[in-house]
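Written out below as structure tokens is the structure these notes cover.
The values are calculated or read from the model by the stated rules, or taken from the named source; none is laboratory data. Because the structure is predicted, anything quoted here is derived from the model rather than measured. For accessibility, only protein heavy atoms count, side chains too; no ligands or nucleic acids. Shrake-Rupley method; radii C 1.70, N 1.55, O 1.52, S 1.80 Å.
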Amino acid sequence: MSKIETITQIKKLGIVPVVRAKNTDEAIEYCKGLIDGGINTLEITFTIPNAIEVFQKLQKELPADTLIGAGTVLDPTTARLAIMNGAKFIVSPSFDKEVAKLCNTYNIPYMPGCITPKEMLEAYKYGVDIIKLFPGSLTGPSYVKAIHGPYPHFQIMPTGGVSLENIEEWFKAGVVAVGAGSNLVKGSREEIKEKSQEYLKKIAEVRK
């Protein structure tokens, strides 16, 4: 899958679930719940013990159209390790120039966490296509509108503080997608399936 195709799939789906878990089995179960509910884009965080094992198992057990990315990537070594094990996009809690350069080398989308206009502009200059607004709970949807004043071309994805209750506000403010953590990725496989369906339904309604 090309970089453009990956970005297109993320934007079309409108949501990137942030998968955090205590172990490999729990992570796999969470991912299967998301897939059951129609969410085929997954951010597997490196806070999961043996995260690489999760990547390897997911590629064997999940449908071929599943888009797997790596989250909580703090350095280029980890980014390359993730890419070599199938990650199609890289997400970080903050911007790192060296990670951006490495992702550009491999033609992989990099979505770093930024909060200030200066951080966002620097990330954009290093080829970042989708800027992760993090933590979204610190700013709120109105902040996206403010950023789009001077930077209408910035594609923003808030993560942190996103819920079913406020997702409509985020999209109306102009975001291209949202990142959803424990509000979505928590509970049994069946519970996650149901919540996934609710999120996708809400996004579809907002986009009409």
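Nonpolar atom fraction for the chain, defined as the carbon and sulfur part of the 1.4 Å probe accessible area, stands at 51 percent.
Just need the relative contact order of the stretch 135-190 here, percent rounded to a whole number, with Cα pairs under 8 Å and 6+ apart.
38
Our summary gives the stretch 81-136 a relative contact order of 34 percent, counting only alpha carbon pairs under 8 angstrom and 6 or more residues apart.
The overall shape of the stretch 61-168, judged from the alpha-carbon gyration tensor, is oblate: a/c is not under 1.5, and a/b is no greater than b/c.
Rounded to the nearest whole Å², what accessible area per residue is found for the chain with the 1.4 Å probe? Kindly include the intermediate steps, with their values, before the conclusion.
Values: 9440 Å² over 208 residues.
Here the per-residue accessible area is 45 Å².
The alpha-carbon of Lys60 sits under 17 angstrom from the alpha-carbons of these lysines, leaving out residues fewer than 8 places away in its chain: Lys32, Lys88. Close amide H pairs (under 5 Å, H built 1.01 Å from N) link Gln155 with Ile131, residues at least 5 positions away or on another chain. From the convex hull of the Cα coordinates of the stretch 1-72, what is the mean projected area in square nanometres? For the stretch 1-72, the mean projected area of the Cα convex hull comes to 4.4 nm². Here the extension length gained between Lys32 and Arg207 equals 60.4 nm, from 0.36 nm per residue of separation less the Cα-Cα distance.
So for the stretch 32-121, Kirkwood radius off the Cα pairs, Stokes-Einstein at 25 °C and 0.890 mPa s: how many µm² s⁻¹? Estimated diffusion coefficient is 182 µm²/s. Taking P(r) over Cα pairs in 5 Å bins from 0, in percent as calculated from this structure, the corresponding entry among (1) 1, 7, 16, 19, 18, 15, 11, 7, 5, 2, 0; (2) 1, 6, 13, 15, 15, 13, 11, 10, 6, 4, 2, 1, 0, 0, 0, 0; (3) 1, 8, 18, 21, 22, 17, 10, 4, 0, 0 is (3).
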